[in-house]
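S.K.: The structure follows.
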């Protein structure tokens, strides 16, 4: 594989991907999907003629364009140590990979050369690869988004030090999840995980018991599938997805120079190596000779104690993960800052985490906002504002395998069972006995939730609830194409989700949604509101991490059935369906849901489209209040 300092080229065929900096994001998707947007009628006809051939053509053209450039922080890959004012370690439950130091001075003694006053350092046993740590006085961590069990301990040690350590990603779980997001085979995942842990192809061969030739072949095919030009780029992409680091989040060269004992020029060189550039390409990009770049790389490896470009790629991501975590606490956080989501993380018993948002105020009446399976928990700001004005406290939870919430260790046969348990966990944590619900889409989950914990679910307003797909249902535009494709061939569900989410940029999302809402005047008007476009991007972009197994499972139920929904006493339910909804008609919504929701009030909204949570928030709140919430 690649020699330290070369950046390597042997791992994959094809050109080098470049990350544009400061340039306008492209508005078009890859060719096949873009043609579906531009000519949905032709695509719909092709699906109906031969759904299997349609799938084959889609996969053949789009394969290799998938990516999982992460968008959410995976805090499960971080560990914490706490030391009291005398520097003694405070006993805490934690993962097995944490250092065994009993005093802060033991960690401090392991620090490598660095800038005076720097708080980033490396820790690790002599026989283990060093991992990154970031320390801060406990008094400075008050606003950090730490696990609840840790937050409860910190007030007793305000004069102590808290150390965050980026090491969990070396475990198979996060890396395996990232590899699955890229669609790697079992062999490719096994080899890729070993490379991330060991830093080289030969080390992976030793660790897995496979031949070096087999490892090289698996890495080559994995890199082609991921679109990575070489081994360092493959490692960087997998580790970034495992930690949840957004591509283009700040200047990586400047971050490295700020947090490691590197000059600004060395920081830029290190970042370019991690992106997969060769020595000659780095020389061209930085305006220096290849010989000079080689010497700088040798200095970088010596200073950081690394032996390969793959190890450097991993280090680059770990630095950014810790930096982003620390930076997330800068300044006052609040929902109406468009870049900030009031995220909370609650651990399950199996060590995985539930991601949720609490928009406050704590004195408000709790209402659960349920998103569709095509998006994550960030709620539309007009709806949050309207709920606040009426005295409510909006709460939103990512369901398992969607966005920020990890899938369970073992999936239950029931696609909604873990999501119901997670909801009960959050309600218990908040001390909420009963909660009202507003859902745009997500109706199947809400029906299962009411059946699962009936005494805890209060009045419900369903907005644009999608019925199970039928032969004669509405088919319009690009969403009609996707709807028909899922109905005719379930195998396309996963591919459409991954293709759309992996290629998502703000400009592409706007272009796609303009195509989706064509024919709905109210929704077309929303597309001229930058806030609406940003809200949609914030809600969809986290799926780019590849954590979408729950979304796929729910979509299978919507498209193909397979889950038995019983009749529910729905006398305190309201169903709002817009007559301008391009996806479903009022008649098919009523025909499907009325038998399952006896007693529910169905209301047709003449000027309502697909996104009434943004266009009609006051109507939704009035409906909720009319139900006694």
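Every number in this text was worked out from the coordinates using simple rules, so none of it is lab data. Remember, predicted model here, so these are calculated numbers, not experimental data. A quick note on method: Cβ atoms are made from the backbone with ideal geometry, for glycine too, and the neighbour counts reach across all protein chains shown.
S.K.: Among 478-489, 429-440, 577-588, what's the highest-first ranking by average C-beta atoms within 10 angstrom per residue?
M.R.: In descending order of packing, they fall as 478-489, 577-588, 429-440.
S.K.: Then there is this: So between residue 424 and residue 90, what do we pick up on full extension, going 0.36 nm a residue minus the alpha carbon distance?
M.R.: 117.1 nm
S.K.: Sticking with this one: Do you know the relative contact order of the stretch 343-626, to the nearest whole percent, from alpha carbon pairs under 8 angstrom that are 6+ apart?
M.R.: Once divided by the residue count of the stretch 343-626, the mean separation gives 23 percent.
S.K.: Under 12 Å from a point 7 Å along the Cα-to-Cβ line of residue 451: which residues of the stretch 377-421 have their amide N that close?
M.R.: 414-417
S.K.: Would you kindly state how much longer the chain becomes between residue 48 and residue 292 on full extension, computed as 0.36 nm times their sequence separation minus their alpha carbon distance, in nm to one decimal?
M.R.: Extra length available between residue 48 and residue 292 comes to 81.9 nm.
S.K.: Could you list 96, 220 in order of exposure, starting from the residue whose Cβ has the fewest other Cβ atoms within 10 Å?
M.R.: So the residues, fewest neighbours to most, are 96, 220.
S.K.: Spin-label point model (7 Å from Cα, Cβ direction): what's the residue 264 to residue 280 distance in nm?
M.R.: Rounded to a tenth, the inter-label distance reads 3.0 nm.
S.K.: Roughly what would the spin-label model give for residue 38 and residue 185, points 7 Å off Cα along C-beta, in nm?
M.R.: 3.4
S.K.: Can you tell me how the stretch 343-626 classifies by the Cα gyration tensor, rounded, prolate or oblate, using a/c under 1.5 as the rounded cut?
M.R.: Note, shape of the stretch 343-626 comes out rounded.
S.K.: To the nearest 0.05, how large is the calculated FRET efficiency for residue 529 and residue 100 if R₀ is 41 Å and r is the Cβ-Cβ distance?
M.R.: So the FRET efficiency works out to roughly 0.15.
S.K.: Between residue 414 and residue 470, take the C-beta separation as r, use R0 = 25 Å, and let me know the FRET efficiency to the nearest 0.05.
M.R.: The formula returns an efficiency of 0.60 here.
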